[in-house]
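The values are calculated or read from the model by the stated rules, or taken from the named source; none is laboratory data. Keep in mind that what you see is a predicted model, and the values were worked out from it rather than measured. Because the Cβ atoms are built from the backbone with ideal geometry, glycine has one as well, and the counts that use them run over all protein chains shown. All accessible areas refer to the heavy atoms of the entire protein, side chains included, with ligands and DNA or RNA removed. Shrake-Rupley method; radii C 1.70, N 1.55, O 1.52, S 1.80 Å.
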Amino acid sequence: KSDFLLALLILGFAVVVHRSHMVIVGLAVPVAGLALLLTAGRRAWLAIGLIAVAAVAGVAELKTYSVAAEKASGKVASINPFLSARIISDGPGYAYLEEHCPDDAIATCKLFEALAKSDNPARLDAAQMIFNRTEELGSFKLLDQEDQIRIGREQRAFYINVFLDRPLDVTASIIRNTLKQTFLTSIQMTVPNDSTTQMLKRSLGPNLDVGRLADDRSWIATVYVAHNVVYALSLAVIALLAVVPGFSTREMRIFAGFVIIGILINAFVCGAVSQPAARYGARVIWLLPFVAALMSLVALRLRLRAGVASFGTPIGREPAE
């Protein structure tokens, strides 16, 4: 039971350090249920329960933080409208607002009005929409606090309304963003560029040392190609060992499939719900070579056992009953 407890603690910590992890873990519950049907083991039920507990813990932490922040500051906490920004940036949400605004019953119409104050196309980028505070690119953060709170609270209802109004357009954008995120695996966002370095120095002081890797970023393109070769070969190894008889176990194949599905869930959550970015893919894609190496070790062990079984009986002697 200690291994399950340790897994729960690690998963619980992961859930509370980033909001996307909570959604990923929540979506992993039905996938774990499918794995349960394939394994039909009692320990599988325990694993699903731990995943569900971690997801609930993430929601509880979010609610607790919001209440504590409101008590400490005496103000209502505002929620960044990631869902609204995503669907507006993709197009369907913007078209919906063009058709229905102005309308006092739709809080997001205030965001639409703020977006109309500039003709810069970058203003419709989801990240710029949520975080930028300049007159040229800012929108949400330039609104009154009350409007920000209303827009944040409305985002789920707004997303559903847009989906019901334009289901094909929204579905196409979800698929497009998920596929785009799946193939974004570069480490380029891990190494600070000039703009990031300048921003950090403005916040933390001009003497900040960002590391030697930031002095020259030309090597990133070469490393990106090398990494993709490793990832492609790893996926090929996983597929080969999974389909060739005698080179894997059912549990190992289920584990590998679960990891690959988890990578796709990460792409869906970060790409289709938030915004496609290289750092979201780079944080999970290393699991492919990890699983390939693990499956290779299992395959080697199975083949060694098969060899011992084949050659373990002395010549001329029948095996014991």
Revision key, fill the gap. Flagged in the stretch 136-184 as of a type in the set (A, V, I, L, M) and open to solvent by less than 90 Å² (accessible area, probe 1.4 Å), in numbering order, are 137, 142, 143, 149, 151, 157, 162, 170, 172, 174, 184
Study note, to complete from the structure: Picked from the stretch 266-276 (must be closer than 19 Å to residue 26 by Cβ and open to solvent by 20 Å² or more (accessible area, probe 1.4 Å)), the residue nearest to the chain's Cα centre (by Cα) is 268
Study note, to complete from the structure: Being touching a residue at least 12 places away in the same chain (Cβ under 8 Å), touching a Gly at 6+ places or on another chain (Cβ under 7 Å) and assigned to a helix (DSSP H, G or I) narrows 223, 170, 162 down to just 162
Review point. In the stretch 226-249, which residues are within 15 Å of residue 291 (Cβ to Cβ), touching a residue at least 40 places away in the same chain (Cβ under 8 Å) and assigned to a helix (DSSP H, G or I)?
Key: 230, 231, 233, 234, 235, 237, 238, 241, 242
Review point. Residue check, residue 209 against (1) exposed (fewer than 13 other Cβ atoms within 10 Å of the Cβ); (2) touching a residue at least 24 places away in the same chain (Cβ under 8 Å), all met but one. Which one?
Key: (2)
Review point. Of all residues in the stretch 82-109, which are buried (at least 22 other Cβ atoms within 10 Å of the Cβ) and more than 26 Å from the chain's Cα centre (by Cα)?
Key: 96, 97, 107
Exercise for review: Would you tally the residues in the stretch 182-210 being over 15 Å from residue 286 (Cα atoms) and outside any loop (DSSP other than H, G, I, E, B)?
Suggested key: 11
